[in-house]
Amino acid sequence: MSTGILPAERLDALIGELWAAGYTVIGPVREGGALLYDEVRGSEDLPVGLVDRQEGGRYFLEPSGDGRFFGHTVAATPWKRFLDPPRRRLWRAERRNGQLHFLVETEEEVRFAFLGVRACDLHGIRIRSAVAEAGPEPDEALLDRRRSALMVAVQCTRAGGTCFCADLGTGPAVDLPADLVLTELLEDGPHRFLAESRTEAGAKILQRLSLGPAGEVDRAAAARAVAATRRTLAERSPRLEREGLRELLYRQLESPLWDEVAGRCLSCANCTLVCPTCFCSAVEDVTDLEGARLERWHRADSCFTAEFSQIHGGPVRASTRARYRQWLVHKLAYWSDQFGEPGCVGCGRCITWCPVGIDLTEVVRDLRRREAEESGERER
Amino acid sequence: MAQRKPRLAVFKFTSCDGCQLSLLDCEDELLAVAERVEIAHFLEASSRVLPGPYDIGLVEGSISTPAQVEEIRRVREACRLLVTIGACATAGGIQALRNAADVAEYQRLIYPAPEQIRALERSTPVADHVAVDFELRGCPIDKGQLMELLSALLNRRCPRLARHAVCVECKARGAVCLAVAGGGPCMGPVTQAGCGALCPAHGRPCYGCFGPKENANVDALVHWWRHVQGVERAQIAAQLQNFNAAAAAFEDAARRLEGEK
């Protein structure tokens with residue numbers, strides 16, 4: 001479609017155009033010691049000059065030393081918070097004169113513009129939407145929110161400490177049709193963005209900004225910035241080797257390693273709640289004291305809670321071992337059986353936001369190593 | 001035929017009264033409660049006492065004297081459904097800190113006439129003495145949970161009293177995880193939800209006042225604090241030996257921490 005150069009000082013104009021086009025703009029904002037996604041009214045809301053340091057169970061922000069708006073990587077919360085809100089009322093009923101009257105919930109129509117979506121998160125949104133589409137009862141509410149949303153992607157010019165998108169082919173370059181793709185540039189010219197539109201909606205926004213043309217220098221600088229990120233990722237690769245992954249997990253379902261991980265796992269559910277693709281939910285009924293009003297709510301749940309697998313007589317997965325194994329094997333193997341790809345995009349959130357730093361890629365590497373050692377011993 | 005209103009009774013054992021005060025604090029809902037139930041025994045609210053049996057008994061406080069051991073049995077017999085409210089009733093309360101100490105010595109230090117004191121060696125939860133139907137955790141309990149419980153019982157449905165971690169509520173609120181983002185040792189991952197992540201949402205790591213979550217892996221969290229985050233042993237002990245010092249998962253972890261010395 002079209003390409004242009006957006007000077008850094010005109011980022012506000014872009015944000016303004018998005019609001020003017022009727023979108024609620026959501027982007028990275030600083031909240032205490034971390035970055036979250038929340039409403040962005042202007043560029044001053046963005047975490048300018050801050051980078052995130054992420055490792056297993058640890059996160060902190062520090063000055064970047066430059067004026068980048070998007071020098072950080074993925075924020076703490078995934079975008080699913082907006083597409084699939086953690087609490088949502090499904091319907092209400094009232095008892096009047098002994099009769100129950102059902103009131104269908106009508107949702108306030110919000111069109112989101114997601115500003116600063118990373119390549120991995122675009123894949124996360126795609127995978128989460130595929131789950132919503134699957135089966136006899138598609139989640140139309142989620143799909144409507146997704147369809148009406150505008151994606152302003154940002155290419156990663158830095159790899160986060162727990163990122164491993166390259167292993168899953170989900171980044172760092174934006175390869176999905178986002179509406180707009182920005183690459184933030186500091187080299188070979190003033191602070192600016194290479195802006196590309198990849199859809200009609202994106203092209204319209206760019207048109208209204210009447211940007212100057214992008215030159216070869218800008219394209220080359222953008223390519224170099226993303227290539228640098230790719231090199232960082234390649235140096236630590238493979239953190240998660242996809243070759244034979246599904247089969248490895250199926251062979252190792254009874255590995256003693258699951259017990260060892262369960263010894264460290266808190267079954268607190270944080271990994272699932274920050275995962276862009278985890279979708280488990282619960283449905284709850286609420287009544288008032290008089291029994292005159294009833295509400296049915298949908299809320300985010302997790303395979304790490306006992307209630308999640310509760311049936312008559314107790315939970316199916318009572319132990320943390322069973323819960324962790326279910327989560328990991330579902331994410332990396334059962335998901336592939338159902339959807340032809342794993343449910344992981346390599347964003348690293350589950351590693352960073354695990355309060356005790358459990359790294360799923362390390363668990364998989366340990367399973368692989370032990371299997372290799374065992375087969376080596378047998379051959380000897 | 002007019003249905004008889006269910007009878008509600010509130011009993012107090014060793015406690016600060018804060019949890020039964022939560023019922024009086026339900027200002028907006030209090031009239032609705034009074035319309036739906038007959039408040040038959042609630043000394044903090046009224047000196048009018050109706051004899052049992054009662055349909056719902058809310059019990060606050062731990063069992064810490066020989067007389068209370070007898071009294072809780074009478075209360076149990078008088079109540080069709082018995083609900084313990086608060087950290088004292090569900091886990092022995094802050095007074096259970098004495099469980100790991102010499103009670104006689106405490107009495108000598110504090111009371112001018114210690115021989116007048118009839119206290120048990122240990123402050124224990126109500127469930128150690130009689131069968132309990134439902135538990136509301138917290139120091140104090142959450143008003144919303146109390147209303148949910150009463151509403152569920154009055155409408156004959158199962159109350160929503162989650163046993164998962166505070167983290168689930170923290171994430172639902174969209175709060176930043178203090179445990180990971182430099183907020184200090186947070187009890188959230190091993191503490192039962194129900195408060196709506198009140199403290200973490202205000203920038204203060206969880207104190208653990210709702211007691212251990214189901215399947216709490218306290219040792220793993222303690223290990224992380226000590227060996228990765230370098231948290232002082234005394235600070236960890238203070239986190240564990242708090243409102244729910246006698247809750248098994250916290251008490252055992254505190255004992256193991258002590259044994260590591």
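Each reported figure results from applying straightforward, stated rules to the coordinates on display, with no laboratory input. Nothing here was measured: the structure is a model prediction, and the numbers come from that model. Here the Cβ is made from the backbone with ideal geometry for all residues, glycine too, and neighbour counts use every protein chain on show.
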Report, in debye and to the nearest 20, how large the dipole of the protein assembly as shown comes out about its Cα centre when Lys and Arg carry +1 and Asp and Glu carry -1 on their Cβ.
520 debye
Using r as the Cβ-Cβ distance of A:E94 and B:L43, and R0 as 41 Å, what FRET efficiency do you calculate, to the nearest 0.05?
0.65
What is the mean projected area of the alpha carbon convex hull for region A:1-62, to one decimal in square nanometres?
5.9 nm²
Under a point spin-label approximation (7 Å from Cα along Cα-to-Cβ), what is the B:R233-B:R157 distance to one decimal in nm?
5.1 nm
Rounded Å value of the spacing that divides the Cα centres of region B:60-84 and region A:3-38
59 Å
Taking only the alpha carbons of region B:55-146, what extent do you get along each of the three principal axes, in Å, biggest first?
41, 26, 19
Rounded D (µm²/s) - chain A, Kirkwood Rh over Cα pairs, Stokes-Einstein at 4 °C, 1.567 mPa s:
57 µm²/s
If you take the beta carbon distance between B:D252 and B:L24 as r and set R0 to 35 Å, what does 1/(1 + (r/R0)^6) give as a FRET efficiency, to the nearest 0.05?
0.45
Neighbouring partner chain Cβ atoms per residue of A:71-79, average, 10 Å criterion:
1
The ratio Rg/Rh over the Cα atoms of region B:166-259, Rh being the Kirkwood inverse mean 1/r radius, stands at 0.94
Output for region A:210-266: trypsin sites (Lys or Arg not before Pro) sitting in coil per DSSP, at most 16 other Cβ within 10 Å, listed by number, reads A:R242
Given backbone amide H placed at 1.01 Å from N, residues whose amide H is under 5 Å from that of B:C79, ignoring those fewer than 5 places away on the same chain, are B:Y54
Report the percentage of all Cα-Cα pairs in region A:307-380 whose separation exceeds 13 Å, rounded to a whole percent.
76 percent
Where in region B:205-228 does the label zone of A:F60 land, with the point 7 angstrom along Cα→C-beta and an amide N cut-off under 17 Å?
B:225-228
Please list, in order along region B:226-239, the HN-Hα scalar couplings obtained from phi with the Karplus expression 6.51 cos²θ - 1.76 cosθ + 1.60 (θ = phi - 60°), rounded to whole Hz, x for Gly and Pro.
6, 9, 10, 8, x, 6, 4, 4, 4, 5, 5, 4, 5, 5
Can you give the extra length, in nm with one decimal, that the chain gains between B:Q116 and B:L81 once fully stretched, where that is 0.36 nm per residue apart less the Cα-Cα distance?
9.1 nm
Label A:D175 and A:E379 with points 7 Å out from Cα along Cα→Cβ: what is the distance between them in nm?
3.2 nm
Going highest first, how would you order B:170-177, B:55-62 by mean Cβ packing within 10 Å?
B:55-62, B:170-177
How large is the helix-only mean residue ellipticity at 222 nm for chain A, computed as the sum of -39500 (n - 2.57) over DSSP H runs with n ≥ 4, divided by its residue count, in deg cm²/dmol to the nearest 500?
-10000 deg cm²/dmol
Return the percentage of antiparallel bridges among DSSP beta bridges fully within region B:7-154, rounded to the nearest 5 %.
15 percent
Peptide B:30-38: average number of partner chain Cβ atoms within 10 Å per residue?
1
Kirkwood estimate for chain B, i.e. one over the average of 1/r between Cα atoms, Å:
19.5 Å
So, over other residues within a Cβ distance under 14 Å of A:A262, counting Lys, Arg +1 and Asp, Glu -1, the net charge is 0
Within-15-Å neighbourhood charge of A:Q207 [Cβ basis; K, R +1; D, E -1]
0
If you average the sequence gap of Cα pairs under 8 Å that are 6 or more apart and divide by the length of chain A, what percent do you get for the contact order?
21 percent
Name the residues of region A:341-372 whose amide N is less than 15 Å from a point 7 angstrom out from the Cα of A:Y250 along the C-beta direction?
A:341-342
Taking 30 Å as R0, compute the FRET efficiency from the Cβ-Cβ separation of A:L186 and A:S2 and round it to 0.05.
0.85
Let me have the relative contact order for region B:7-154, percent, based on Cα pairs under 8 Å that are six or more residues apart.
28 percent
Taking 0.36 nm per residue of sequence separation and subtracting the Cα-Cα distance, how much length would be gained by fully extending the chain between A:H101 and A:R293, in nm to one decimal?
68.2 nm
Taking beta carbons within 10 Å but only from partner chains, what does the mean come to for residues A:296-306?
3
Amide H contacts under 5 Å for A:S281, restricted to residues at least 5 apart in sequence or on another chain and with H modeled in the peptide plane, are A:D301
Taking 0.36 nm per residue of sequence separation and subtracting the Cα-Cα distance, how much length would be gained by fully extending the chain between A:A318 and A:W19, in nm to one decimal?
102.9 nm
Kirkwood Rh, region A:86-171, all Cα pairs: how many Å?
16.1 Å
Got a sec? Charge dipole of region A:1-117, +1 on Cβ for Lys and Arg, -1 for Asp and Glu; which of A:S64, A:Y23, A:G49 is way out at the positive end?
A:Y23
Points 7 angstrom from Cα along the Cβ direction at B:D133 and A:D144: gap in nanometres?
4.1 nm
Tell me, what ³J(HN,Hα) does each residue in region B:121-127 have, in order and in whole Hz, if you take phi through Karplus 6.51 cos²θ - 1.76 cosθ + 1.60 with θ = phi - 60° and put x for Gly and Pro?
4, 10, 8, 10, x, 4, 5
Descending semi-axes in Å of the protein assembly as shown, equivalent ellipsoid built from Cα gyration tensor:
50, 30, 23
Under a Cβ-only charge scheme (Lys and Arg +1, Asp and Glu -1), can you give me the dipole magnitude of region B:166-259 about the Cα centre, in debye to the nearest 20?
200 debye
Whole-number percent relative contact order across chain B, with pairs defined as alpha carbons under 8 Å at least 6 apart
17 percent
Within region B:194-261, list the chymotrypsin sites (Phe, Trp or Tyr not before Pro) lying in a DSSP loop whose Cβ has at most 11 other Cβ atoms in a 10 Å radius.
none
